[in-house]
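Computed from the coordinates by the stated procedures, all read-outs in this text should not be read as laboratory data. Just so it is clear, the model here is predicted, and its values are computed rather than measured. Note that each Cβ is placed from the backbone with ideal geometry, even for glycine, and that neighbours are counted across all protein chains shown.
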Amino acid sequence: SAVISQKPSRDICQRGTSLTIQCQVDSQVTMMFWYRQQPGQSLTLIATANQGSEATYESGFVIDKFPISRPNLTFSTLTVSNMSPEDSSIYLCSVGTGVSQPQHFGDGTRLSIL
Amino acid sequence: GENVEQHPSTLSVQEGDSAVIKCTYSDSASNYFPWYKQELGKRPQLIIDIRSNVGEKKDQRIAVTLNKTAKHFSLHITETQPEDSAVYFCALTGAGASGSARQLTFGSGTQLTVLP
């Protein structure tokens with residue numbers, strides 16, 4: 001399976017600031033996904049990062065709050081903007097290689113906002 | 001869109017016993033059903049998956065069954081060991097654009113505790 005590197009692994013931020021999370025894959029993948037996992041909860045999809053086009057956001061998530069870049073087939077970034085304590089979560093990227101194929105996750109970014 | 005319900009939310013078993021976790025879904029177009037194990041502080045790890053053209057799949061002590069008619073799939077762990085203790089998530093994807101991966105919809109998770 002693809003090796004997925006995500007950084008930073010954790011951060012503590014002040015409210016009102018922004019943080020950019022990077023996801024690097026060791027092979028070219030068509031689709032990259034960004035998920036949020038709030039403390040003690042399941043995973044919720046934020047958006048699908050499409051190479052060469054705008055990201056596709058799920059209901060409840062907007063581009064102004066979570067801008068995403070996907071400059072090539074091995075890299076994506078997620079920015080959490082104007083952070084508040086409610087944004088304290090684990091943010092995970094995952095990659096998929098095709099329909100009905102396994103998806104694998106990076107180690108996640110544990111974000112705490114004070 | 002897809003929706004998936006997972007039960008139970010917590011499950012405690014004695015070491016050596018079996019554990020079963022069940023997920024039900026609503027969209028008959030769902031066609032791929034993975035299970036993930038997440039240990040505390042770690043990323044979700046894929047442990048087994050099944051596609052809609054298969055009814056059962058087994059990998060050593062882990063098996064997954066799929067009932068498309070009833071729209072449910074289950075994870076079976078036999079001969080449980082303390083290291084099986086973790087949160088288990090079911091997930092699914094539906095039909096998508098040809099050749100493209102699809103996003104996963106996750107169940108709410110099951111905290112499995114294997115008591116020594």
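All Cα-Cα distances of the stretch B:4-50, cut into 10 Å bins from zero to the largest, leave 19, 48, 30, 4 percent in each bin in turn.
For chain A, a crude dipole built from +1 on the beta carbon of Lys and Arg and -1 on the beta carbon of Asp and Glu, taken about the Cα centre, is about 160 debye to the nearest 20. Principal axis extents of the C-alpha atoms in the stretch A:31-88 (largest first, rounded to whole Å): 32, 23, 19. Charging the Cβ of each Asp and Glu at -1 and of each Lys and Arg at +1, and nothing else, the dipole of the protein assembly as shown about its Cα centre rounds to 260 debye. Residue order for A:D107, B:D17, fewest other beta carbons within 10 angstrom first, comes to B:D17, A:D107. Applying a 4.7 Å Cβ-Cβ cutoff to chain A, the cysteines left without a disulfide-compatible partner are A:C13. Restricted to Cα atoms, chain B shows a radius of gyration and a Dmax of 13.9, 47 angstrom. Among the lysines of the protein assembly as shown, pairs at least eight places apart or on separate chains and with Cα atoms under 17 Å apart come to 10. Averaged over peptide B:103-109, the number of partner chain Cβ atoms lying within 10 Å of each residue's Cβ comes to 6.
Database remark: amide H of B:A86 closer than 5 angstrom to the amide H of B:L112 (H placed geometrically; neighbours at sequence offset of 5 or more, or on other chains; Pro and chain starts carry no H).
Each Cα pair of the protein assembly as shown feeds into the Kirkwood radius, which the Stokes-Einstein equation turns, at 25 °C and 0.890 mPa s, into a diffusion coefficient of 135 µm²/s. Sorting the segments A:27-33, B:4-10 by their mean number of nearby beta carbons within 10 angstrom, highest to lowest, gives A:27-33, B:4-10. Pairwise alpha-carbon distances in chain A exceed 21 Å for 30% of all pairs.
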